[in-house]
Amino acid sequence: MDSKVWSSRAILSHPNVVRETHEDFIAAGAEVIINNTFSAARHTLEPGGLGLHVKDNNQNAVELVRQARDKVAREPAAIAGSVCEWVLDDPKWNAPEAIGRSTRERVGCLAEAGVDLIALEMCERSALSVAVTNAALEIGLPVWIGVSAQAYKGRDALSVFSYAQLDFESLVSSCPKKA
């Protein structure tokens with residue numbers, strides 16, 4: 001783990017551990033494997049000194065899942081490219097436009113590497129969630145959206161962390177529709 005890029009550094013420094021972890025999940029019967037690219041976007045890698053490794057980090061992560069699947073899968077297992085809006089407290093990356101550009105780059109790398117779908121994880125801020133969702137939908141793969149929510153004292157609805165209530169209706173309605 002790394003305080004800036006979380007587990008993405010492991011793709012470069014400990015690929016065997018990453019692959020073996022995927023093997024364990026596949027052997028346990030997982031039908032979808034979410035690769036280790038949660039924090040492998042430019043907006044997280046660059047502040048951690050790994051900005052030159054966006055493409056190879058994402059492609060290596062997909063390859064590690066593919067190797068694990070080829071070694072131990074008895075049933076088909078899809079590969080999901082993990083994407084998040086998560087950013088450090090960095091003004092350069094806290095704007096939806098910046099996160100959208102970073103996400104387009106990352107999902108392009110993931111699609112090129114052969115993922116079957118995109119898994120958006122920990123969507124917590126509506127504006128950034130819309131930006132990553134729109135960027136992910138542009139590549140034409142299925143997109144899963146995952147949020148982290150909890151009840152806060154004094155609020156009558158679930159809230160996403162401490163930021164604000166995430167309005168799923170407006171999130172969905174602001175994203176382009178597929179025919």
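Here are a few things to note about the model shown:
- Considering only residues in region 23-57 that are part of a loop (DSSP other than H, G, I, E, B) and open to solvent by 70 Å² or more (accessible area, probe 1.4 Å), the one that is farthest from GLU85 (Cα to Cα) turns out to be ALA28.
- In region 102-149, the residues that are assigned to a helix (DSSP H, G or I), open to solvent by less than 30 Å² (accessible area, probe 1.4 Å) and under 14 Å from VAL87 (Cα atoms): SER102, THR103, LEU128, SER129, ALA131, VAL132
- Test: residue in region 5-22 that is in a loop (DSSP other than H, G, I, E, B), within 23 Å of LEU128 (Cα to Cα), among the hydrophobic types (A, V, I, L, M, F, W, C) and open to solvent by 50 Å² or more (accessible area, probe 1.4 Å): yes
- Residue, modelled with the highest pLDDT, within region 85-101, restricted to residues that are open to solvent by less than 100 Å² (accessible area, probe 1.4 Å) and part of a loop (DSSP other than H, G, I, E, B): ALA95
- Residue in region 74-89 that is among the aliphatic types (A, V, I, L, M) and under 15 Å from PRO47 (Cβ atoms) present: yes
The values are calculated or read from the model by the stated rules, or taken from the named source; none is laboratory data. Predicted model only: the values in this text are computed from it and were never measured. We place every Cβ from the backbone using ideal geometry, glycine too, and count neighbours over all the protein chains shown. SASA here: full protein model, heavy atoms, side chains in, ligands and nucleic acids out. Shrake-Rupley method; radii C 1.70, N 1.55, O 1.52, S 1.80 Å.
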